[in-house]
Amino acid sequence: MQNQLAGGGSFLTLPALMLTGMDARAANITSTIALFPGQVAGGWVGRKQASGTEGLSLRVLVAISLVGGALGAILLLATPSSFFSRLVPWLVLFATAAFAWGSFGKKPDAGAPASRLGPWLAGAIQFLIAIYGGYFGGGIGFLMLAALALSGLAMRAAGATKNVLAGVMNFTAVLILLFSGQARWIQAGVACVAAVLGSVVGARLMRSVNEKALRLVVVFIGVALTIGLFMQASR
């Protein structure tokens, strides 16, 4: 429901999965796999509104996201679990900052030509976001929304495009992570079923929930999670 209504669902799934006894890397891999069907559904619903940017077709953005997502997953599997556990607090801190900025910061002006990103820079930024998405993924929606808007897309088209690209980059990441032997399938199955049900319920609640208040709750959870993870890492 959280992902459907405001985003930031991984802030809930990551600590919940860690509390079942798995380390941070296994929890991140399991969370990525479990939440993937919901991302696919979101991208499929808005696919007709998705588009490329000036100088970058949607096909090129999809290709960039596929490669970047795969590289991110490979980097994740190459990262030792102990190092990833120390890195996670910083990743959650970054994701929380990106979420807060995307929720309450000034929205990029898609109509100002002077502020637009050129196609090469926009492609490079999308590639880096895709790598980060395959590696961890928290806050990728807001990062892509900002980059696409600064590339000249209207906010509605940027929103639909980032949903498609989020599903695409996680497609290759999930393909690699599925065969990593690191996923915990019972927890992944429970979380996946809940994510699908939550998407349906969240879609029905979208018009009645105070989105700003919900985003404040997500930021609070992110800050609390960051503090808790830093305290755990310092032990």
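The values are calculated or read from the model by the stated rules, or taken from the named source; none is laboratory data. Just so you know, these numbers come straight off a predicted model, no measurement behind them. Don't worry about glycine lacking a Cβ; one is built from the backbone with ideal geometry, like all the others, and counts go over all protein chains shown.
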Fill in the blank from the handout: Across (1) at pLDDT 80 or above; (2) out of contact with any Phe, Trp or Tyr (no Cβ under 8 Å at 6 or more places or on another chain), Leu153 clears everything bar (1)
Exercise for the section: Pick out the one residue from Asn170, Asn163 that is crowded, with 18+ Cβ neighbours inside 10 Å, at pLDDT below 85 and not hydrophobic (A, V, I, L, M, F, W, C). Expected result: Asn163
Problem - Test: Gly202 is surrounded by fewer than 19 Cβ atoms within 10 Å (Cβ to Cβ) and over 14 Å from the mean Cα position of the chain (by Cα) - result: no
Handout entry: Scan of the stretch 85-96 for residues that are closer than 24 Å to Gly167 by Cβ and either surrounded by fewer than 19 Cβ atoms within 10 Å (Cβ to Cβ) or in contact with a Ser or Thr (Cβ under 8 Å, 6 or more places away or on another chain) (or both), ordered by number
Key = Val92, Phe94, Ala95, Thr96
Problem - Those residues of the stretch 177-211 which are touching a residue at least 24 places away in the same chain (Cβ under 8 Å), over 16 Å from Leu17 (Cβ atoms) and of a type outside the set (A, V, I, L, M, F, W, C), in sequence order - result: Ser199, Gly202, Glu211
Exercise for the section: Taking the options Gly133, Gly137, name whichever one is at pLDDT 85 or above and either in contact with a helix residue (DSSP H, G or I) (Cβ under 6 Å, 6 or more places away or on another chain) or within 19 Å of Leu66 (Cα to Cα) (or both). Expected result: Gly133
Exercise for the section: Output the number of the condition that Ile64 fails; it satisfies all remaining conditions of (1) in contact with a Leu (Cβ under 7 Å, 6 or more places away or on another chain); (2) over 27 Å from Val209 (Cβ atoms); (3) buried (at least 20 other Cβ atoms within 10 Å of the Cβ). Expected result: (1)
Completion exercise
When Gln126 is run through (1) crowded, with 17+ Cβ neighbours inside 10 Å; (2) out of contact with any strand residue (DSSP E or B) (no Cβ under 9 Å at 6 or more places or on another chain); (3) in a helix (DSSP H, G or I), the failure sits at (2)
Practice task
Sort out which residues of the stretch 73-95 are of a type in the set (Ser, Thr, Tyr) and under 19 Å from Leu128 (Cβ atoms), and write them in order of number.
Solution key: Thr79
Exercise for the section: Read through the list (1) buried (at least 24 other Cβ atoms within 10 Å of the Cβ); (2) hydrophobic (A, V, I, L, M, F, W, C); (3) under 27 Å from Leu229 (Cα atoms), then give the number of the only condition that Phe36 fails. Expected result: (1)
